[in-house]
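Note sheet for the following structure.
The values are calculated or read from the model by the stated rules, or taken from the named source; none is laboratory data. This is a predicted model, so every value here is computed, not measured. Because the Cβ atoms are built from the backbone with ideal geometry, glycine has one as well, and the counts that use them run over all protein chains shown. We work out accessible area using only protein heavy atoms, side chains counted, and drop any ligands, DNA or RNA first. Shrake-Rupley method; radii C 1.70, N 1.55, O 1.52, S 1.80 Å.
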Amino acid sequence: MLIRLLVALVICAAIPQQAFPAAADLPAELREGVSQIKLPGLVGALSVYGPDAFTIAAAPLEDGEFAAVVAVGSSGKGRVVCAGHPGYLSVDVMKEADTGRLMNNLLLWVGHVQPKQTKPLRLVLLDNKPLAEALAKNGYRTQSVAAAQLVESLGSCDVLLARPSKIQKRDVSKIADYLKRGGGLMMADAAWIWSGYDAQPGENLVRDFAGNQLARPFGISWAASTVKGQDGLIAVADGGGLLVTAHTALAYLKDHPKLSKQDREGLQAGKTVELAISAIASNDKLFLPELKKVCESLGGSKVSPGPTKPLKEADVFARLYVGMETGQAQQSTADSPVASPLATTFPGVPPESAKPVEEKIHVDTKRPRWHSTGLYARPGSIIEVNVPPKAVNKKISIRIGCHTDVLWSKDEWKRAPEIARSFLITSPSTKATSGFGGLIYIDVPKECAVGEFEAKISGGVPAPRFVRGKTTNADWKTIRARPGPWAEIGSDKLIITIQSEAIRDYEDPAGLMEYWDRVLDACADLATISTERSSPERIVLDAQISAGYLHAGYPIMGPLSTTRELLDLKTLSTKGNWGYYHELGHNHQRPEWTWDGLGEVTVNLFSMYLLDTLNPGAPHHEAIQPAGLEKMIHEFEQKGKLDGPFPQLMPYIQLYRAFGWLPYMKVFAEYRELPDNQKPKSLQEKKDQWLVRMSKATNKNLGPFYESWKFGASEEAMKSVRDLPEWKFEPLK
């Protein structure tokens, strides 16, 4: 019960209250009576780097090191509490373990409660009536206000409780003034939620998130990383100790400049400082000056990561220098541009002889996502984009850089961890810059109703760009020599982005894209969608990607080592390419027929279909060759379940071998045409609909077949297809 957990009430004069000193003096008192607290979902990490900021609770990141999830800080008269998930301002979460007790301890501290104080603490909650009512029952004076009334309520407020995503931009400075006057602020949010749902195109977590704007003077920032585990409990006393606080971590590293993988304290300290670098503003005065001094004194500024010379986790000061350089470059502005020395290694720099040009680019907003310009921004250069008034404030943005993967959390860096940037177009003339440079794009949001317009772009260097249907192979012989270090070969269905040095002698981009267009058309045929695409898919090669050997998305990402296989038309035409077929398949999956656990299963229907259609006779993946199938069948007989992507693919293989691809197309089309209220929601509904639809598509009772594979359809679904002819299926070989 919330009442039971919130035991240390501010208004209880009968219970002596102990004053909490400044957080820097005795943060342990904030944990009094607290053993475990809740992780209310996917919790975001905090960076704690101020001299008067402390970590209260920490949890492990994906790589095992810890990061703060609850922290406090002081600056002048003001105090803040920051938590890494909006659930920490939820009544239900307060009821879990000691979470309510901790939040109450923090309220007492942030509200400057003094011993023997009997006056109720005045709390203002931003759009949070349930918690306001719960806290009022425990003796606090509370009011829940809408955003429009927030500023006027600060005059009668001891502590403001708010989710930063809900704070209006115009109110940030007013809340900052309130803190300077000695106010208290408790904020709870996750950076990944803001970045994924609330941020506008071109907005930056460090610069534009209200939580970071308000907590920055206190030495706390929300980072992009998340901690492991959801809906579980964490021990408040655990979590990396003092080494989850950046100043302490840096002091440890200074005393231990040579680290090994066995030095867990050192790895923790390194992760803490890296996290701080990723989350701190480039003009920070609380931590970065000290960090820069230490890095320079220990030789960290003499390295630059690249594809052939990665920085390992143990290369502590080199990584810290690279991280600091990256942060400063990513936060540079057109008024104060930065050309990062790291860009020379990757993504590369145009030759000095390359002159900037001015180009007019036609943009049709019926086609969303990135519009290529054929221009490349030199690191630190100023790119100016002029658009007509109708294209202003329509969430259209300028993107510099195609390498969108962020690598901060990786234990090895083959390039700077973040090198792409985006700038929202909010005026007819917009200036943009990137410390790393990169290909220039106009990024159009979905359902943009601006129509067609012309964008004039100046400051970019010409880069090689082939467009099937517009560029000929003869044109290409001149275009491929353009000085931009990255090139695009594409069509209106797919665009491949590769290093220019790989295509300087490439002869047949027209033939290559004719092939890849057939690949995309075949994907559309199996998915039963139009071959005319609203925007092309993209494949971008990178020195390092954020997950796996390849990964799907927009763009699909792959390593530089796959350059040849993307361009080798002879091999593609005969053997295909399972890996890139697979990633394109991911971009065509639908949740109605790809339920939990099948993400890496149904995708391979596309790999198999593309090989059968475009590369007849080419072998499928070795895992589903006869020897592999025999092994997996034996394991299924032993375990009684299909365990893993390729074992789970076996029933799909058996069906397509018996009935071909038409039943799949028929069923996929049915799912696509379903109104939302008829789409399966639960796992059982998805299994049942699949059984029934595939049975009708094949005109066979597939109930016994799926039962033999332990599919788990309901008795009702099995009964509904019993009138169909029974399928006398043969064992899979």
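Yes or no, residue by residue, for (1) open to solvent by 30 Å² or more (accessible area, probe 1.4 Å); (2) of a type in the set (Val, Ile, Thr); (3) closer than 26 Å to Ala53 by Cα:
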residue	(1), (2), (3)
Gly111	no, no, yes
Gln114	yes, no, yes
Pro130	yes, no, no
Asn138	no, no, no
Thr142	yes, yes, no
Val145	no, yes, no
Ser153	no, no, no
(request) May I ask you to list pairs of residues, at least six apart or on different chains, whose Cβ atoms are under 9 Å apart, with the first in the stretch 584-600 being part of a loop (DSSP other than H, G, I, E, B) and the second being of a type in the set (Asp, Glu) and open to solvent by 10 Å² or more (accessible area, probe 1.4 Å)? (result) Asn587/Glu537
(request) Report yes if Tyr506 is closer than 30 Å to Pro663 by Cβ and touching a residue at least 12 places away in the same chain (Cβ under 8 Å), otherwise no. (result) no
(message) Residues that are closer than 30 Å to Ala432 by Cβ, surrounded by 16 or more Cβ atoms within 10 Å (Cβ to Cβ) and either at pLDDT 95 or above or touching a Leu at 6+ places or on another chain (Cβ under 9 Å) (or both): does the stretch 179-190 have at least one?
(response) yes
(message) I'm checking my understanding of the structure. Among residues of the stretch 565-606 that are within 20 Å of Ile489 (Cα to Cα) and of a type in the set (Asp, Glu), which one is nearest to the chain's Cα centre (by Cα)?
(response) Glu583
(request) Answer yes or no: is there a residue in the stretch 132-142 that is acidic (Asp, Glu) and under 22 Å from Gly84 (Cα atoms). (result) no
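Residues are listed down the side, and each one gets a yes or a no for (1) farther than 21 Å from Ile425 by Cα; (2) β-branched (Val, Ile, Thr); (3) not in a helix (DSSP H, G or I):
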| residue | (1), (2), (3) |
| --- | --- |
| Leu154 | yes, no, no |
| Asp171 | yes, no, no |
| Ala176 | yes, no, no |
| Met186 | yes, no, yes |
| Gly196 | no, no, no |
| Pro201 | no, no, yes |
| Val206 | no, yes, no |
| Pro217 | yes, no, no |
(request) Tell me, please, whether a residue that is under 24 Å from the mean Cα position of the chain (by Cα), open to solvent by less than 40 Å² (accessible area, probe 1.4 Å) and within 28 Å of Asp92 (Cβ to Cβ) can be found in the stretch 241-253. (result) yes
(request) Check off (1) buried (at least 24 other Cβ atoms within 10 Å of the Cβ); (2) in a loop (DSSP other than H, G, I, E, B) for Pro483 and give me the number that stays unchecked. (result) (1)
(request) Please enumerate the residues belonging to the stretch 689-705 that are of a type outside the set (Gly, Ala, Ser) and open to solvent by less than 10 Å² (accessible area, probe 1.4 Å). (result) Trp690, Leu691, Met694, Leu702, Phe705
(request) Would you confirm whether any residue within the stretch 713-727 is open to solvent by 60 Å² or more (accessible area, probe 1.4 Å), at pLDDT below 95 and either under 35 Å from the mean Cα position of the chain (by Cα) or on the phi < 0 side of the Ramachandran plot (or both)? (result) yes
(message) Exactly one of these conditions fails for Gly78: (1) crowded, with 24+ Cβ neighbours inside 10 Å; (2) at pLDDT 95 or above. Give me its number.
(response) (1)
(request) Go through the stretch 424-442 and give me each residue that's at pLDDT 95 or above, in a strand (DSSP E or B), open to solvent by 10 Å² or more (accessible area, probe 1.4 Å) and closer than 13 Å to Val392 by Cα. (result) Ser429, Thr430
(request) Tally the residues that are open to solvent by less than 50 Å² (accessible area, probe 1.4 Å) and either of a type in the set (Lys, Arg) or not in a loop (DSSP other than H, G, I, E, B) (or both), restricting the search to the stretch 382-423. (result) 14
(request) Test each condition in (1) open to solvent by 40 Å² or more (accessible area, probe 1.4 Å); (2) within 21 Å of Ala343 (Cα to Cα); (3) within 32 Å of the chain's Cα centre (by Cα); (4) not aromatic (Phe, Trp, Tyr) for Ser500 and report the one that comes out false. (result) (1)
(message) Of the residues Pro347, Pro379, only one is of a type outside the set (Gly, Ala, Ser), in contact with a His (Cβ under 8 Å, 6 or more places away or on another chain) and open to solvent by less than 20 Å² (accessible area, probe 1.4 Å); which?
(response) Pro347
(request) Answer yes or no as to whether Leu121 is of a type in the set (A, V, I, L, M) and surrounded by 23 or more Cβ atoms within 10 Å (Cβ to Cβ). (result) yes
(request) Using the structure shown, decide if Tyr609 is more than 29 Å from the chain's Cα centre (by Cα) and crowded, with 21+ Cβ neighbours inside 10 Å. (result) yes
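So that you can scan it fast, the table gives a plain yes or no per residue for (1) touching a strand residue (DSSP E or B) at 6+ places or on another chain (Cβ under 7 Å); (2) surrounded by fewer than 16 Cβ atoms within 10 Å (Cβ to Cβ); (3) among the aromatic types (Phe, Trp, Tyr); (4) touching a residue at least 24 places away in the same chain (Cβ under 8 Å):
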position: Trp516; (1), (2), (3), (4): yes, no, yes, yes
position: Cys523; (1), (2), (3), (4): no, no, no, yes
position: Ile539; (1), (2), (3), (4): yes, no, no, yes
position: Gly548; (1), (2), (3), (4): no, yes, no, no
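Here's the yes/no breakdown for (1) surrounded by fewer than 21 Cβ atoms within 10 Å (Cβ to Cβ); (2) over 24 Å from Phe54 (Cα atoms):
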{"residue": "Glu290", "(1), (2)": "yes, no"}
{"residue": "Glu296", "(1), (2)": "yes, yes"}
{"residue": "Gly306", "(1), (2)": "yes, yes"}
{"residue": "Ala314", "(1), (2)": "yes, yes"}
{"residue": "Glu325", "(1), (2)": "no, yes"}
{"residue": "Ala329", "(1), (2)": "no, yes"}
{"residue": "Pro337", "(1), (2)": "yes, yes"}
(request) Check Ile495, Ile529, Ile489 and return the single one that is surrounded by fewer than 17 Cβ atoms within 10 Å (Cβ to Cβ), under 25 Å from Val363 (Cβ atoms) and touching a residue at least 24 places away in the same chain (Cβ under 8 Å). (result) Ile529
(request) Can you give me the ranges of the strands (runs of 3 or more DSSP E) entirely in the stretch 34-131 with at least 2 residues that are more than 32 Å from the chain's Cα centre (by Cα)? (result) 122-126
